[in-house]
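This report concerns only the one structure given below.
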Amino acid sequence: MTTSTLPGASLIAELRPEARNAPESGIVEVVNHGRVKPGLIPLWVGEGDLSTPDFIVRAANKSLADGETFYTWQRGIPELREALARYHTALYGQPLSADRFFVTGSGMQSVQIAVRMIAGPGDELVIPTPAWPNFAAAIGVAGAKAVCVPMDLEHGRFTLDLDKLAAAITPKTRALVINSPANPTGWTATKDEMAALLALARKHGIWIIADEIYGRFVYGGAPRAASFHDVMEAEDRVLFVQTFSKNWAMTGWRIGWIEVPAAFGQVVENLIQYSTSGSPVFVQRAAIAALTEGEPFVAEQIARATEGRRIIFEGLKATNRVSLTAPDGAFYQFFSVDGREDSRALAIELVDEANVGLAPGTAFGPGGEKGLRLCFARKSSDLVEAVARLQRALTS
Ligand SMILES: Cc1ncc(COP(=O)(O)O)c(C=O)c1O
């Protein structure tokens, strides 16, 4: 049955346009095409193949067994906010206090709260693209407008032209949305680029929504990617969105955090109150275990992704049919196939002919149309097999 024949179809026009026009995911369309294909290697969504480690699961089980099943602190339980403060203080080498951290129901909810705090109808937010499509969608749902600035692309490497970004800023602009390391391109801002972006935001008195969720996944030998933490002052307009999903293999748990100036506490608490009314305590206990005992697991994940990146980059390059560079960060290889313009059609074809699931670049906004995104956070044997299949399909 199509939507137009379902009961209530004639009433859809009466819904708010922000809700009615929220876009369907371009990735899910391809996933739906291949979801039930036997033997398909799924490299289309942004998650690895490891399930959550036992020490994290045990913490959640214990919490449930202890009867922690009640409403709780809207801002997050104090122990988790303290653990977040310790984690950040160690990672960024500067004191960051617990009153800056608020527990949310996911990175996605953090994005939504950040957008809600600063933008509404008539406002614009500027996003370098290709980008994770949920940024633009969250902005649209809030009634604001996402202004996309396509990044420059040369020999498969994306770079950000600050002048083009600056040219997109108007009196309506409320924020820059900066995702580094980036999904899907792997673009990773240097500290100098971070400083230049911050200077641009300061000059115009606009915000930065900083998504640094892949900051631990970098491949040049550094312990982490450059961060706005490295260049900002306490009074700067920076909102950080974050998640437990990727570092600790917790995509299904739905827990993240938002880091904002401490003075915004009541505002964030209220926005959480009127959306989820807080995150489950047992999930928060699991998150504490992730932060306090999770470093060996994060190191294992980074080592796996480093090997996955090598297998995929070398294997695709060997086809001589693709344009790509190895990503500096995150866990995606973005590439285009010579002579193929329509990545949606190509992604469907590769499901049918190679039995490999990739995300079409069309899902990631202007500048990504010809590309495909491959998630390499997976065991080597799967990636070696996926490369062999892609090599056959692309060179036949
Ligand atoms: C760039 C980026 N930000 C945020 C998220 C949100 O993750 P989650 O909602 O699972 O916490 C994702 C997930 O893919 C992402 O790629």
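Listed cross-link partners K145/K370; K62/K191; K246/K317 are compared with a 32 Å cut-off, the Cα-Cα value being larger for K62/K191. Compute the label zone of N320 within segment 373-396: residues whose backbone N is under 17 Å from the point 7 Å along Cα-to-Cβ. Counting backbone N atoms under 17 Å from the label point, the list is 391-396.
Go ahead and estimate [θ] at 222 nm for the chain from helices alone: -39,500 (n - 2.57) per DSSP H run with n ≥ 4, summed, over the residue count, rounded to 500.
The per-residue figure over the chain is -12000 deg cm²/dmol.
Between D342 and E14, 0.36 nm times their residue separation minus their Cα-Cα distance comes to what? Difference between extended and current length: 114.6 nm. Report the calculated FRET efficiency for T170 and A65 (r = Cβ-Cβ distance, R0 = 45 Å), to the nearest 0.05. The formula returns an efficiency of 0.25 here. Eigen-decomposition of the gyration tensor built on the alpha-carbon atoms of the chain gives equivalent ellipsoid semi-axes of 31, 25, 24 angstrom, largest listed first. Every Cα-Cα pair of segment 210-319 was included, and the share exceeding 16 Å stands at 70 percent.
Diffusion coefficient of segment 223-272 by Stokes-Einstein, Kirkwood radius over Cα pairs, 20 °C, 1.002 mPa s: 167 µm²/s. For a paramagnetic label modelled on K379 (point 7 Å from Cα along Cα→Cβ), amide N atoms under 13 Å away belong, within segment 34-55, to 49-51.
How big is D for segment 178-224, in µm² s⁻¹ as a whole number, if Stokes-Einstein is applied with the Kirkwood radius of its Cα pairs at 10 °C and 1.306 mPa s?
Answer, rounded: 139 µm²/s.
In order along segment 260-272, the Karplus-derived 3J(HN,Hα) couplings, from 6.51 cos²θ - 1.76 cosθ + 1.60 at θ = phi - 60°, round to 9, x, 3, 5, 7, x, 5, 5, 5, 4, 5, 5, 5 Hz, and Gly and Pro are given as x. For segment 53-65, 3J(HN,Hα) computed residue by residue from phi via the Karplus equation (6.51, -1.76, 1.60; θ = phi - 60°) reads x, 4, 5, 7, 4, 4, 5, 5, 4, 4, 4, 5, 4 Hz, glycine and proline entered as x. Whole-Hz Karplus values for segment 157-166 come out as 9, 8, 10, 9, 8, 4, 5, 5, 5, 4 Hz, taken residue by residue from phi with 6.51 cos²θ - 1.76 cosθ + 1.60 and θ = phi - 60°; glycine and proline positions read x. With 0.36 nm allotted per residue and the present C-alpha distance subtracted, the E300-S25 stretch has 95.9 nm of extension available.
Across bins of 5 angstrom width beginning at 0, how are the C-alpha pair distances of segment 295-339 distributed, in whole percent? The percentages, shortest bin first, are 5, 22, 28, 19, 12, 7, 5, 2, 1. Computed FRET efficiency, Cβ-Cβ of R310 and H155, R0 22 Å: what is it to the nearest 0.05? The pair R310/H155 has a calculated efficiency of 0.70. Cut-off under 17 Å on the C-alpha distance; same-chain residues fewer than 8 positions from K203 excluded. Which lysines are left, in chain and number order? Those lysines meeting the cut-off are K164, K172. Placing one equal scatterer on every Cα of segment 70-293 and applying the Debye formula, the log10 ratio I(q)/I(0) at q = 0.11, 0.13, 0.17, 0.18 Å⁻¹ is -0.51, -0.73, -1.28, -1.43. Determine the distance separating the Cα centre of segment 10-45 from the Cα centre of segment 240-313; give it in Å without decimals. Centre-to-centre distance over Cα atoms comes out at 25 Å. Once the C-beta distance of E82 and A222 is scaled by a Förster radius of 30 Å, the resulting FRET efficiency is 0.65 to the nearest 0.05.
None of the figures in this text is laboratory data; all of them are computed from the coordinates on show. Quick caveat, the model's predicted, so the values are computed rather than measured. When we count neighbours, we look across all protein chains shown, and the Cβ atoms used for this are built from the backbone with ideal geometry, even at glycine.
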